[in-house]
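Below: the structure, in structure tokens.
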Ligand SMILES: *Cc1c(COP(=O)(O)O)cnc(C)c1O
């Protein structure tokens, strides 16, 4: 499809989603689909199959698509998976971990929280203690890439522990799935949640849950809500070959299918991950040269999004910095950490190292405040993606 007559986006989104998508992804939305039509349902089934194969090489998994943003998927998974006599433990080190807690509380699901602090990784021994002390816990939830800070949680290590206590494991891999290689079998996850507008590089409109079928099949009649009943949604999609229970976001689904094709063309998740890592290293290196300091130590940092300390200068104001960058073609993201003043720059989406180089130029010429950025306490130790992988899969200390 020739999209040349469509104007380019006036700026690049350097955000955790919605993010910059290709013209061909946007172009795929330029036709209407009937939801009960076989052609459409075939696309849905292909998407479901492809999501499962991106999530694991093991058999026994299935995918459910759910209308709404990512949170709808997390809410559907939690409020369908946990039974009336169950209890959820959430490992939280940011806003999205705390959102899981909020979801549980709203549905009156008993929940306890392991608060690690927003800049710390969870401690294996502490998690083991919590699981030992409270046998009522049936499910454990954690966020993979905590988008609040960009921190990557060691989900394989946590999975080992969760399974050694025989609990059900729910992973919010919203901002990392498709951008970082992972295998649900290895991680030991029973539920893995993501959405259309993150690393698959589609547009917003639905979330998806990849689930271990043996586990999902137990959840009939557990859901606290009709529209977020993951089991019912799955049963309909499964028994009626790709049919959604209620109106489906047809255009978004078509764009997502195109995005999956483009992921394959790029060389799959490994190739995409390498591009994100390159974006991230270039960004962090260049920002350091300009005097900015990343919030996290490099070993905890994901290639997805990076939080930087805001300059200490009293003249600095995020809005003004943001506006200047936007004028130059880049949209960055405000901070979300509770007690620290930060801003965030995303590396995901249709973004390439050459874009990051142009961004760094734009940042340099947008530093309108007088004093240099404070660089004290920067704990710089560059890590390769291989070292990173080792950190994420190392055996726990217990
Ligand atoms: C984006 C995101 C979500 C979902 O947010 P929505 O605004 O509902 O799409 C959930 N968890 C994480 C870690 C995310 O990055």
Exercise for the section: Could you please state, rounded to a whole Å, how far the C-alpha centre of segment 138-178 is from the C-alpha centre of segment 236-315? Expected result: 17
Exercise for the section: Give me the Kirkwood hydrodynamic radius of segment 24-264, using the inverse of the mean 1/r over all pairs of distinct Cα atoms, in Å to one decimal. Expected result: 17.9
Fill in the blank from the handout: Cα convex hull volume per residue for segment 84-206, in Å³, equals 103
Practice task
Quick one: divide the alpha-carbon radius of gyration of segment 228-304 by 2.2 N^0.38 Å and tell me what you get.
Solution key: 1.71
Exercise for the section: Any chance you could list P(r) for segment 195-264, counting all Cα-Cα pairs in 5 angstrom bins from zero, rounded to whole %? Expected result: 3, 15, 22, 23, 19, 13, 4, 1
Fill in the blank from the handout: Relative contact order as a percentage, the chain, C-alpha pairs under 8 Å and 6+ apart, gives 24
Exercise for the section: Provide the descending list of Cα extents for segment 1-95 along its principal axes, expressed in whole angstroms. Expected result: 57, 38, 27
Handout entry: Burial ranking of peptide ranges 142-148, 330-336 (average Cβ count within 10 Å, highest at the top)
Key = 142-148, 330-336
Exercise for the section: Go from 0 up to the bin containing the longest alpha carbon distance in segment 22-167, width 5 Å each, and give me the % of pairs per bin. Expected result: 2, 8, 14, 17, 19, 14, 10, 7, 5, 3, 1, 0
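First check a/c for segment 42-124, with a ≥ b ≥ c the square roots of the eigenvalues of its C-alpha gyration tensor; if it is under 1.5, answer rounded, and if not, answer prolate when a/b is larger than b/c or oblate otherwise.
Prolate shape, in that a/c is at least 1.5 and a/b is the bigger ratio.
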Problem - Cα centroid separation - segment 328-347 against segment 36-61, whole Å - result: 35
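No value in this document is a laboratory result; all are computed from the given coordinates. Since this is a predicted model, take the numbers as computed values, not measurements. Cβ sites come from the backbone with ideal geometry, for glycine too, and all protein chains shown count toward neighbours.
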